[in-house]
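For reference, the structure is listed below as structure tokens.
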Amino acid sequence: MSQLYKWIFEEGKNEDVHKTILTSQTGSYSLDDIRQEVNKYCSLLTQLGPVQRKRVAFMIPYASSFLSLLLAVNRLGAVAVPISPFLRSEDLSRLLEFINPHVILTIRQHQNFQFFNAVSQWAHGTGEETIIYDSVKGDHWKATVVAGMPKPVESEPVDIIACTSGSTGVPKGVMVDFNFIQFGDAALSAALSLSASDKVLGIVPFSGLFGLCLMVVSIKKRLHFVATESFHFPDIIRLLHTHPVNKLVTSPSLFRSLYLLAKKPVLEPLELIGLAGERITADYIEAVRPIDHCRIISIYGLTEIGGVMFSKNDVRQGMDWELVPGVEAAIVNAPDKREIGELVVKTPNGFLGYYQRPDLTQEAYRDGWFYTGDVARMTESGAIEIVGRKKEMIKKGGQQVIPGEIESLLASHPSIFAAAVVGIPHPIFGEQIVAFVVPKEHVSDTNLYSFCRERLASYKVPDHIFTIDEIPVSQGKADKVKLQQLATKRIAARE
């Protein structure tokens, strides 16, 4: 532990510590600014006793404070538990109950949600000692000690527990160590060709492992990293106006929205766009084809394993994956060599398992191979083709239906902007297919059903198609739990 802190602040290195290395909506910061803030957080965290091997959770929407707190927790030998500041009461309480942190640092309120009240209410209900630090703007902190029985500390060396909540409805904690960050350095450097002269914008949640890793690796390389603290597009566009960047990393859906809303001059300085977190479909490629002044690549990975492969060429020239050095990949449980199976990968990264879930760890990690849960096939040329998520596969009347195939088709309709497909229970067929579409213009259900029937096998045609203003998102991806709940309500209303 504390390796991450030492890695960032190399002792004896001769460099300009006043060079700007981090910019966000709240300001610009040098390496010296970050170091001073780390020292401040170290003093704060130890004023009520040592925190070594204790779980320190933090909900901070400000990039510099988030980074400094992460490094301070690591320097003190504690376990960092970054939590998204976009969670709300139910998800937040469920996640806190699962992780049960010893120390919590939280903004008092954010986007009209009273974080301190929610955290305090949870802590008082545990019967265990919890220390809460709260702040209005992340500068001045107030300590509250909730009395109770002491909590056991972590027995195994863990640097970070990354929490997921919302997209599956059940919290998971992904445990990683410093090796994960080092592997992320190799993966991102290979995919994005990072150098100290780059100026990189990350439109990704830095509370998630991918965004966290992107920020930390960028700071390590002493390039200028621009972090968005808001996913409100006018804020992002203003940030791009004042801080032009040559590289951008985000999800396909977020970039598509940015591309539609931003004026061309804002995007002109871009040389490379790295897209991660979602599958890139044929209709998406057509939508971004007019962007002819820069390369667009795709990065494939998961929270547990980081980025493990990236497209060698521009995605508009075809998806030709290249494995990150040190990574192996295979497709298992495929009935035939060219049929679909599950993608498994072997990496040298620092994934240590799921927090308090050895059963999930054993299920996902077997004989050194990580079972991704992604459905893929091997093409005739030997290339890997990602088809969809195994867990999202719909089983209707004994047939397996991949939602991504229907989503891609619907999104290719000239009147449709975006689509998402889910399966919900059906008393006879096991599951039924429900599609949600965001229209560009008015289009009738009859038109969409006919469009699908002409192009899909009959069992793949959606049983229901609903219009929606926007696709709900969780952790940067379509929130299929919410869509399943909405589908159930709308079908009940129809009946």
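The values are calculated or read from the model by the stated rules, or taken from the named source; none is laboratory data. What you see is a predicted model, and the numbers here were worked out from it, not measured in a lab. Every residue, glycine as well, gets a Cβ built from its backbone with ideal geometry; the counts of neighbours run over all protein chains shown.
A few remarks follow.
- Identity of the residue in segment 243-254, at pLDDT below 90 and outside any loop (DSSP other than H, G, I, E, B), that ends up surrounded by the fewest Cβ atoms within 10 Å (Cβ to Cβ): 253
- Exclusive hit being at pLDDT 95 or above and of a type in the set (Gly, Ala, Ser), set 127, 166: 127
- When the residues of segment 375-391 are filtered to those that are in contact with a Leu (Cβ under 9 Å, 6 or more places away or on another chain) and touching a residue at least 60 places away in the same chain (Cβ under 8 Å), the one that is farthest from residue 328 (Cα to Cα) is 386.
- Residue 309 being in a loop (DSSP other than H, G, I, E, B) and surrounded by 15 or more Cβ atoms within 10 Å (Cβ to Cβ): no
This table checks each residue for (1) out of contact with any His (no Cβ under 6 Å at 6 or more places or on another chain); (2) of a type outside the set (A, V, I, L, M); (3) surrounded by fewer than 17 Cβ atoms within 10 Å (Cβ to Cβ); (4) farther than 15 Å from residue 65 by Cβ.
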| site | (1), (2), (3), (4) |
| --- | --- |
| 95 | yes, no, no, yes |
| 101 | yes, yes, no, yes |
| 118 | yes, no, no, yes |
| 127 | yes, yes, yes, yes |
| 131 | yes, no, no, yes |
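- Of all residues in segment 259-274, those that are at pLDDT below 95 and buried (at least 20 other Cβ atoms within 10 Å of the Cβ) total 1.
- Unique match (being in contact with a Phe, Trp or Tyr (Cβ under 7 Å, 6 or more places away or on another chain) and among the aliphatic types (A, V, I, L, M)) among 420, 411: 420
- Single match in 214, 192, 223 (criterion: in contact with a helix residue (DSSP H, G or I) (Cβ under 8 Å, 6 or more places away or on another chain) and assigned by TED's automatic domain parsing to the domain that holds residue 255): 214
- Selection count where residues are in a loop (DSSP other than H, G, I, E, B), surrounded by 24 or more Cβ atoms within 10 Å (Cβ to Cβ) and touching a Cys at 6+ places or on another chain (Cβ under 9 Å), scope segment 56-87: 1
- Among the candidates 125, 211, residue that is under 21 Å from residue 302 (Cα atoms) and either over 22 Å from the mean Cα position of the chain (by Cα) or among the small types (Gly, Ala, Ser) (or both): 211
- Qualifying positions in segment 15-55 - part of a loop (DSSP other than H, G, I, E, B), buried (at least 18 other Cβ atoms within 10 Å of the Cβ) and within 26 Å of the chain's Cα centre (by Cα): 25, 53, 54
- Filter result (farther than 12 Å from residue 305 by Cα and buried (at least 20 other Cβ atoms within 10 Å of the Cβ)) within segment 342-353: 343
- Residue within segment 439-456 that is under 28 Å from the mean Cα position of the chain (by Cα), crowded, with 17+ Cβ neighbours inside 10 Å and on the phi < 0 side of the Ramachandran plot present: no
- Residue in segment 474-495 that is modelled with the lowest pLDDT, counting only those that are buried (at least 20 other Cβ atoms within 10 Å of the Cβ) and assigned to a strand (DSSP E or B): 474
- Selection count where residues are at negative phi, in a loop (DSSP other than H, G, I, E, B) and surrounded by fewer than 19 Cβ atoms within 10 Å (Cβ to Cβ), scope segment 396-412: 1
- Looking at segment 157-226, the strands (runs of 3 or more DSSP E) lying wholly inside it that each contain 3 or more residues that are free of Cβ contacts under 8 Å to residues at least 60 places away in the same chain and aliphatic (A, V, I, L, M) sit at 199-203.
- Residues (within 16 Å of residue 490 (Cβ to Cβ), of a type outside the set (D, E, K, R) and not in a strand (DSSP E or B)) located in segment 450-464: 462
- Considering 431, 405, the condition of being assigned by TED's automatic domain parsing to the domain that holds residue 450, of a type in the set (Asp, Glu), farther than 23 Å from residue 260 by Cα and free of Cβ contacts under 8 Å to residues at least 40 places away in the same chain is satisfied by 431 alone.
- Residues of segment 364-395 that turn out to be in a loop (DSSP other than H, G, I, E, B) and modelled with pLDDT under 90, as a count: 9
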